[in-house]
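Asker: Got a structure here, written out as structure tokens. Questions coming.
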Amino acid sequence: NKHYKNKFFTLAIDTRSALSDNFVALSFDKLIKAAIEQKFINKTIFNQAVKFTSNVDLLSSDSIKNLLQLLKDENKFLVLIFDQFEDVFRKKDLFKSFYKFLSDVTDKKPNLIIGFSWKSEFFIPNDDPAYFYWQQAKEQSREFIIGEFGEKEIDGIIKQLEQSIGKLEKEIKNRIKEIGRASC
């Protein structure tokens, strides 16, 4: 909303396309570049190229430390949400890089918020190698359960879509509403 648009910059990344440990670094880099491009971060103040020490240690480079200090000084927050997160567990050992990033953010408490979105029916068996990381991540997190979409929310999404691409045909609107109700 208008009140928070200058305080929080949010980017959601679909994790179904994650194939390697590099995905977390690429996502974080994309968030920073989008924040600069959309002038949430003033490029004249933060004129360094973003560099990471490694694809695993994302918060330790000088450029990232300077960026995080700038965010703190300006009381701004970057928000990175990993959507469809249950898919990460279907790929061998991919969760470790997400867990490392979450742990570093938890420990350092920068003006950076990491979110994970997954289907509520998702379950990891105790014998899965990612189970330990999943449990540790849950301990470091605050869980929010989002209720089902109602007609009002679905109509709001259709309105946003029409504002960005133009008027939709009634048949398409009805299909979106049908899918929205079925997913709830």
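Asker: Mind grabbing the accessible area of residue 132 for me, 1.4 Å probe, Å², rounded to tens?
Answerer: We get 120 Å² for residue 132.
Asker: Leaving ligands, DNA and RNA out of it, rank 15, 10 by accessible area with a 1.4 Å probe, largest first.
Answerer: From most accessible down to least: 10, 15.
Asker: Using a probe of 1.4 angstrom, how much of the accessible area of the chain is carbon and sulfur, in percent?
Answerer: Carbon and sulfur together cover 52 percent of it.
Asker: Right, next: What number comes out for accessible area per residue over the chain if the probe is 1.4 Å? Units Å², please. Mind dumping the intermediate values first?
Answerer: Values: 12220 Å² over 184 residues.
Here the per-residue accessible area is 66 Å².
Asker: Order 56-62, 172-178 from most to least packed using the mean count of other Cβ atoms within 10 Å.
Answerer: Highest to lowest by the protection proxy: 56-62, 172-178.
Asker: Tell me what the chain gives for mean residue ellipticity at 222 nm when only DSSP H runs of n ≥ 4 count, each as -39,500 (n - 2.57), the sum divided by the residue total, rounded to 500 deg cm²/dmol.
Answerer: Helix contribution divided over all residues of the chain: -14000 deg cm²/dmol.
Asker: Could you size up the charge dipole of the chain around its Cα centre, putting +1 on the beta carbon of Lys and Arg and -1 on that of Asp and Glu, and report it in debye to the nearest 20?
Answerer: 680 debye
Asker: Then there's this: Could you give the nm distance between label points at residue 19 and residue 65, where each point is 7 Å from its Cα heading toward the beta carbon?
Answerer: It works out to 3.5 nm between the two label points.
Asker: Another question, if that's okay. Would you rank 162, 153, 139 by solvent-accessible area, highest first, keeping every protein chain in place and using a 1.4 Å probe?
Answerer: 139, 153, 162
Asker: In the set [x] 20.7, 59; [y] 18.5, 53; [z] 15.3, 48, which value of Rg and Dmax of the Cα atoms in Å was calculated from the structure you see?
Answerer: Identified label for the calculated read-out: [y].
Asker: Same structure again: If 4, 99 are ordered by their accessible area, calculated over protein heavy atoms with a 1.4 Å probe, which sequence runs from highest to lowest?
Answerer: 4, 99
The values are calculated or read from the model by the stated rules, or taken from the named source; none is laboratory data. Only a predicted model underlies this, so the values are computations on that prediction, with no experimental measurement involved. Every residue, glycine among them, receives a Cβ derived from its backbone with ideal geometry; neighbour counts consider all protein chains shown. When the accessible area is computed, the model is the full protein with side chains, heavy atoms only, and any ligands, DNA or RNA have been set aside. Shrake-Rupley method; radii C 1.70, N 1.55, O 1.52, S 1.80 Å.
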